[in-house]
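Beneath this line is the structure, given in structure tokens, with notes to follow.
The values are calculated or read from the model by the stated rules, or taken from the named source; none is laboratory data. Nothing here was measured: the structure is a model prediction, and the numbers come from that model. So basically every Cβ, Gly included, is an ideal-geometry build from the backbone, and we count neighbours across all protein chains shown. To get the accessible areas, we keep the full protein, side chains included, count just its heavy atoms, and leave off ligands, DNA and RNA. Shrake-Rupley method; radii C 1.70, N 1.55, O 1.52, S 1.80 Å.
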Amino acid sequence: MSEYFLGLDSSTQSLTAVIIDLATRKIVYEQSLNFDKAVPHYGTQRGVLRDAHDPKTVHAPPLMWVETLDLLCAKMKKDGAPLGEIKAIAGSGQQHGSVYLNKSAATAFASLDTKKALHENLKNVFSRATSPIWMDSSTTKECDEITAAAGGRAALIVATGSAAFERFTGPQIRKFAVHETESYAATAHIALVSSFMASVLAGQLAPIDPGDGAGMNLMDIRSKQWHPEALDATAPKLLERLPPLAPSCSIVGPVHKYFVEKFGFAPTAQCAVWSGDNPCSVIGLGLVEPGQTAISLGTSDTYFGTMAECRTDPNGEGHVFGSPTGDYMTLICFKNGSLAREKIKDQFKLDWDGFAAAIKSTPVGNNGALMLPWFDPEITPRVLTPGVRRINLREDNVGANCRAVMEGQMLSMRLHSSWMSMRPSKIFATGGASVDPVRMQIVADVHGCPVYRLETTASAALGAALRAAHAWQRTKREMEWPEIVRGFTEPVANSRINARPEATAVYDKMLKAYADAEREALAKQ
Ligand code: XUL
């Protein structure tokens, strides 16, 4: 007997649906609608609205997400997706983005009318027409104010799991509360993208889970409750505007009858709490046990790790979020990922095969040559003035530059994840670069553990579907996480690349040289 679960991913550029059959361990349906194309009348570019006068201000219209949800449900129905047999739905939202709702919202969610489109039902529920999203970096002043009021940077990191970051929800709320006092006064509820979308589906205001709550600078990372001092440091009367926090496996309630009558969902289909896209990806990548690590080598490189105990980064570069498993996860973002590798590749007019051959023509450790690959401003470490730094490295040496960019990136990743005090025992790699055994050998050797390749496209939506299955299973019997993800997140067969102990020994020494070079470069900033 099939057991269907739906995962939705409301990301920056698109809304994606993945339906899994837990009985056969198969993805049975996948569909994605791109906001710019599906609902062009909102005028977004790549899903966002950039302020014409201030490039740091980046918002998105929440009504656009709602209208796209209606269209995606219609598309699923038209495609014959088994909507009537779905047992539970969960979702993933781009993290940090906030939705501001007036006092009519709760009633509007509860009384959706099938004779009207979803966006017509909900057009009057907002006290702020647009939502600041994670790409917004306009709140440096608010970050400083919150940090000072919360007792300083170290205290805020220990309390909430992260230093104050411009894109985090607390600083964004503060900016709104201070500059748009009347609209803030008219705001009865503040939701995250995740909890907002869950509210629409369930027809009631939905809680926030600790995965996404941790991206706000407002939640006590250990107790997973709102942090009173952080709230006070952010905006007046904030607690009364926030939904409760609830474990990621909680059920909000059955899907609203709007979705039953219009699209054929079963009235018994349960809506689970949504989470952020990174916590959902942790599940979609199969990182369900402490100590598991994945790296995604895409436009930017990200490092995900799971930890049983909450340990925060004293330097404030890495974030600690709640993992949907109830453990903790960390996210470290390196902006100069593929961007830096491509710059070097293109500089020498190579393709990726040529890039790999160039690396192979040089020895492990690059004869002491090092590169700090900061083509763009960097997030980890915080580099505001970009510029590539070369040490013992001539700019025209093809092989040495190709090796140096990859070795530099992996040494940086090892260095900036060391606060976790937990060396990975294996690494799962995804993203473009993960198909290249030459670059993956450097990953394995620098980190000193085997690397496996994961072939995932929609890891956040898949993670959401698996979370739906977990939340639903819990109401019947306890199914452990490894059993939930089994068959969905296995690495590609024969993709294991082992670390070579003699190469790792070279990198163990090189790490110090890299750290010194980095410290010196940062001191000059
Ligand atoms: C994480 C972050 C991004 C967004 C993208 O802190 O800002 O990964 O979640 O959707």
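For first residues located in region 462-474 and in contact (Cβ under 8 Å) with a residue 60 or more places away in the chain, partners that are hydroxyl-bearing (Ser, Thr, Tyr) and part of a helix (DSSP H, G or I) and lie 6+ apart or on another chain with Cβ distances below 8 Å form the pairs Gly463/Ser281. Does region 484-501 contain any residue that is open to solvent by 50 Å² or more (accessible area, probe 1.4 Å) and either part of a helix (DSSP H, G or I) or touching a Ser or Thr at 6+ places or on another chain (Cβ under 8 Å) (or both)? Yes.
On the stretch given as region 48-70, residues that are out of contact with any strand residue (DSSP E or B) (no Cβ under 6 Å at 6 or more places or on another chain) and not β-branched (Val, Ile, Thr) total 12.
Within region 158-190, the set of residues being open to solvent by 10 Å² or more (accessible area, probe 1.4 Å) and within 16 Å of the ligand (Cβ to nearest atom) comprises Ala164, Phe165, Glu166, Arg167. Look at region 320-331: where a residue is in contact (Cβ under 8 Å) with a residue 60 or more places away in the chain and a partner is within 13 Å of the ligand (Cβ to nearest atom) and assigned to a loop (DSSP other than H, G, I, E, B), sitting 6+ places away or on another chain with Cβ atoms under 7 Å, you get Val320/Gly161; Val320/Ser162; Phe321/Gly161; Thr330/Gly318. Report whether or not Thr68 is within 16 Å of the ligand (Cβ to nearest atom), modelled with pLDDT of 95 or more and either touching a Gly at 6+ places or on another chain (Cβ under 8 Å) or assigned by TED's automatic domain parsing to the domain that holds Leu238 (or both). For Thr68, the condition - within 16 Å of the ligand (Cβ to nearest atom), modelled with pLDDT of 95 or more and either touching a Gly at 6+ places or on another chain (Cβ under 8 Å) or assigned by TED's automatic domain parsing to the domain that holds Leu238 (or both) - is met. In this entry, Ala60 passes the filter for residues that are crowded, with 24+ Cβ neighbours inside 10 Å and at pLDDT 95 or above. The residue pairs whose first member lies in region 210-238 and is within 19 Å of Ser323 (Cβ to Cβ), whose second member is part of a loop (DSSP other than H, G, I, E, B) and of a type in the set (Lys, Arg), and whose beta carbons are closer than 7 Å, counting only pairs six or more residues apart or on different chains, are Pro210/Lys224. Among the conditions (1) touching a His at 6+ places or on another chain (Cβ under 8 Å); (2) closer than 22 Å to Pro267 by Cβ; (3) surrounded by fewer than 21 Cβ atoms within 10 Å (Cβ to Cβ), the only one that Asp51 does not satisfy is (2).
Cβ-Cβ contacts under 7 Å between residues 6 or more apart (or on different chains), taken from a first residue in region 191-208 that is surrounded by 24 or more Cβ atoms within 10 Å (Cβ to Cβ) to a second residue that is of a type in the set (Lys, Arg), are absent.
Listed here are the residues, each with its yes/no results for (1) more than 24 Å from Val273 (Cα to Cα); (2) small (Gly, Ala, Ser); (3) within 16 Å of the ligand (Cβ to nearest atom).
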residue: His96; (1), (2), (3): no, no, yes
residue: Ala106; (1), (2), (3): no, yes, no
residue: Ser138; (1), (2), (3): yes, yes, yes
residue: Ile146; (1), (2), (3): yes, no, no
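Within region 339-381, being open to solvent by 20 Å² or more (accessible area, probe 1.4 Å) and within 30 Å of Asn278 (Cα to Cα) holds for Leu339, Glu342, Lys343, Lys345, Trp352, Phe375, Asp376, Pro377, Ile379. Close Cβ contacts (under 6 Å, 6 or more residues apart or on different chains) running from residues in region 509-525 that are free of Cβ contacts under 8 Å to residues at least 12 places away in the same chain to residues that are in a helix (DSSP H, G or I) and open to solvent by less than 20 Å² (accessible area, probe 1.4 Å) are absent.
Kindly establish whether Ile157 is part of a helix (DSSP H, G or I) and either modelled with pLDDT of 95 or more or aliphatic (A, V, I, L, M) (or both). Yes. Condition test on Thr130, is it away from the ligand (no atom under 16 Å from the Cβ), buried (at least 17 other Cβ atoms within 10 Å of the Cβ) and not hydrophobic (A, V, I, L, M, F, W, C)? Answer is yes for this residue. The combined condition, being surrounded by 16 or more Cβ atoms within 10 Å (Cβ to Cβ), at negative phi, out of contact with any Lys or Arg (no Cβ under 7 Å at 6 or more places or on another chain) and assigned by TED's automatic domain parsing to the domain that holds Ala214, is fulfilled by Lys87. Region 274-378 holds strands (runs of 3 or more DSSP E) entirely within its bounds, and those carrying 3 or more residues that are within 16 Å of the ligand (Cβ to nearest atom) and more than 30 Å from Gly203 (Cβ to Cβ) map to 293-297, 301-307, 328-334.
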